Every structure is written in C-alpha cells, then in structure tokens.
Amino acid sequence: QVQLVESGGGLVQPGGSLRLSCAASGSIFSINVMGWYRQAPGKQRELVAGITTGGTANYADSVKGRFTISRDSAKNTVYLQMNSLKPEDTAVYYCNVNGVRGSWGFSTGYWGQGTQVTVSS
C-alpha cells in the first residue's frame, strides 16, 4: 500500500552535514505524521524528529539545534537536515509515517528500509 524510499545517508566527518530524504509512494491521500528514527548498534531504536501535517515538529533533546525536519506534503516527502554531526549520531536512520489515508482506507504506520549514517574522521 505504501512504500518508503530513503536516500542521503553516508560517511561524513564530525562537524559535517547530511540531508536525508524519504519519499512515500502509493495511492496516498494524506499522511498525518512523518518522522525519523535511528538505531545505533546495541541500542534501541529512538525517535529523532517528527513533523505533523500542520508543520509542528518535535525533536530528541540530543539533536535539538542541530537537526531540522521538514516535509513537502504535496510530494509525500520528509527531509532531515543534519548539521554539526557528531560521532554519536552514527546509526541507521529509518523513515516512519503514521496515520496514512489512501485509496484503501486508513493505516497506522510504515517503515523505510533504513539508511546508514556514519560520522567519523
């Protein structure tokens, strides 16, 4: 019903920047919340940032002031601009959408396949 395709991960030096993108495809009418999670080796998956249809965003304390989430609802795409990256930001980043209304009806959540972000010198 919904496919999520992520892009933009990679290797970056500490202090550098990356921009992640996630495009949702399918017969989608609207998406309530779009967001990013991350999972580092040996750790639980955690919320990084989320944004509602109305543009209200929330962030994990660890990324506030460094990361910015945005969305283009017309394209069903969410972005994560990551600046001042630190080694502790190294993780697999997963796109998540929740509250999807489409031609099939309504669904709760979908996950992307994940994209690796490595911050290292």
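The values are calculated or read from the model by the stated rules, or taken from the named source; none is laboratory data. Nothing here was measured: the structure is a model prediction, and the numbers come from that model. With ideal geometry, Cβ positions are generated from the backbone for all residues, glycine too; neighbour counts draw on all protein chains shown. Surface areas here come from the heavy atoms of the whole protein model, side chains and all, with no ligands, DNA or RNA. Shrake-Rupley method; radii C 1.70, N 1.55, O 1.52, S 1.80 Å.
Data table
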| read-out | value |
| --- | --- |
| Failed condition for A74, given (1) farther than 20 Å from G10 by Cβ; (2) touching a residue at least 24 places away in the same chain (Cβ under 8 Å); (3) of a type outside the set (F, W, Y) | (2) |
| Inter-residue pairs, beta-carbon under 8 Å, first in a loop (DSSP other than H, G, I, E, B) and in the stretch 56-67, second open to solvent by 40 Å² or more (accessible area, probe 1.4 Å) and of a type outside the set (G, A, S), 6+ apart | A60/E46; A60/L47; R66/N83 |
| Lone qualifier among V92, V100, V78 - being at pLDDT below 95 and over 13 Å from L18 (Cα atoms) | V100 |
| Residue check for R19: closer than 17 Å to Q3 by Cα, among the charged types (D, E, K, R) and outside any loop (DSSP other than H, G, I, E, B) | no |
| Single residue of the stretch 18-67 satisfying the filter (in contact with a strand residue (DSSP E or B) (Cβ under 7 Å, 6 or more places away or on another chain) and open to solvent by 70 Å² or more (accessible area, probe 1.4 Å)) that is modelled with the lowest pLDDT | F29 |
| From V97, V92, residue being outside any loop (DSSP other than H, G, I, E, B), out of contact with any Lys or Arg (no Cβ under 8 Å at 6 or more places or on another chain), surrounded by 15 or more Cβ atoms within 10 Å (Cβ to Cβ) and of a type outside the set (D, E) | V97 |
| Residue check for L85: at pLDDT 95 or above, surrounded by 20 or more Cβ atoms within 10 Å (Cβ to Cβ) and in a loop (DSSP other than H, G, I, E, B) | yes |
